[in-house]
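Below: the structure, in structure tokens.
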Amino acid sequence: MPIVFLRDLPSDLQTLQAKRDVVDGQQRLRTVFSYVDPGLLSNYNADRDDFRIDPAHNEELGGKTFSQLPRDYKQAILDYQFSVHVFPADTDDRDILQIFARMNATGMNLNAQELRNAEFFGRFKTAAYDIATEQLNRWRDAWRVFTPDQIARMSEVELTSEFMILIMEGVLEKNNLTINAFYRDFDTEFPDEREVVSRFRGTMDTISDLFSDKIMAELFSNRTMFYALFAGIYGLQYGLRIPKEGTNPAKGRLLKGHVPLTKQPPRHILGNVVEHIQQAARTIKTRQAAEDVLKSVRGSTAHASSRRVVIRHLVGDDNDPCPPLR
């Protein structure tokens, strides 16, 4: 059985017991507990967790529960020695997420971002993972854009990748071919890396400065709304590039046709714009926005046109960072 990774936690001062997190190996451990002693699991569900040995795996023991096994088989299971590595208690959550992402680079039933994690190892991928992980507390705790389970499945890295693409090329349609193309074509060379990282961090910090955590969690925790907010704030500060009609980065080499970003300071965002964004977001939340806006929010928000509709609604016509396609 592959090595299990744990992390020490501060000991319980009341029970005097040691406590540990499972970094990698939770499914393996849960399987053992479910079979040997379901009482060890606080959220045991018989419909989900109960099982017997499959005869296809072992004809002799097929259909048997742990209690039905011969004595020597029980002893062998209970005496099995796991290979375990324990990280110290001061290991940061960000480091744990990076470790988890790297250890789970291959496997079955991976989502699109997990597959990218397994396939690419270069500049664009590394930058996306690094800057996404830096924002862990905002994603998970302050703004509640992603749940811990979604972060474990690298959803925040995929969204960060979309923002990097937005910074480089403007609002494009979200599809796996497009995201894969950026990972592929900027794998060995990523000339815009420093500027993209700087603008991403700056935009996230600006959002934090302009909107309280309460407002973020209330109005922008939805991924669609957060994308529109980020794009709007970024566009107000730096301007959004205008992709040509029919742009398909999945075809051809992006590096050849890409116009590098130049270093520029962000423009100041006025307070009345911030107030407008909050009010506009509330009209969406209360379903009082125009029908085309509501349709864009509840429809296929991966389409570039739908994304632009929501962005324009948030920032207002006078501050529109999404001019028509040329």
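The values are calculated or read from the model by the stated rules, or taken from the named source; none is laboratory data. Keep in mind it's a predicted model, so treat the numbers as computed, not measured. Glycine gets a Cβ as well: all are built from the backbone with ideal geometry, and neighbour counts include every protein chain shown.
Of the set (1) within 30 Å of Ala132 (Cβ to Cβ); (2) modelled with pLDDT of 85 or more, all apply to Asp49 but (1). The set of residues from segment 230-260 being within 15 Å of Ala181 (Cβ to Cβ) and either hydrophobic (A, V, I, L, M, F, W, C) or modelled with pLDDT of 95 or more (or both) comprises Ala250, Leu254, Leu255.
Is it true that Ser34 is among the hydroxyl-bearing types (Ser, Thr, Tyr) and at pLDDT 90 or above?
Judged against the criteria, Ser34 is a match.
The residue that is farthest from Asp8 (Cα to Cα), among those in segment 35-93 that are among the aromatic types (Phe, Trp, Tyr) and within 29 Å of the chain's Cα centre (by Cα), is Tyr44.
Within segment 14-26, can one find any residue that is small (Gly, Ala, Ser) and either loosely packed, with under 13 Cβ neighbours inside 10 Å or at positive phi (or both)? Checked against the condition, which is being small (Gly, Ala, Ser) and either loosely packed, with under 13 Cβ neighbours inside 10 Å or at positive phi (or both), segment 14-26 yields at least one hit. Looking at segment 1-43 only, could you name the residues that are of a type outside the set (Val, Ile, Thr), within 17 Å of Ala152 (Cα to Cα) and touching a strand residue (DSSP E or B) at 6+ places or on another chain (Cβ under 6 Å)? Within segment 1-43, Phe5, Leu6, Arg7, Asp21, Asp24, Gly25 meet the criteria.
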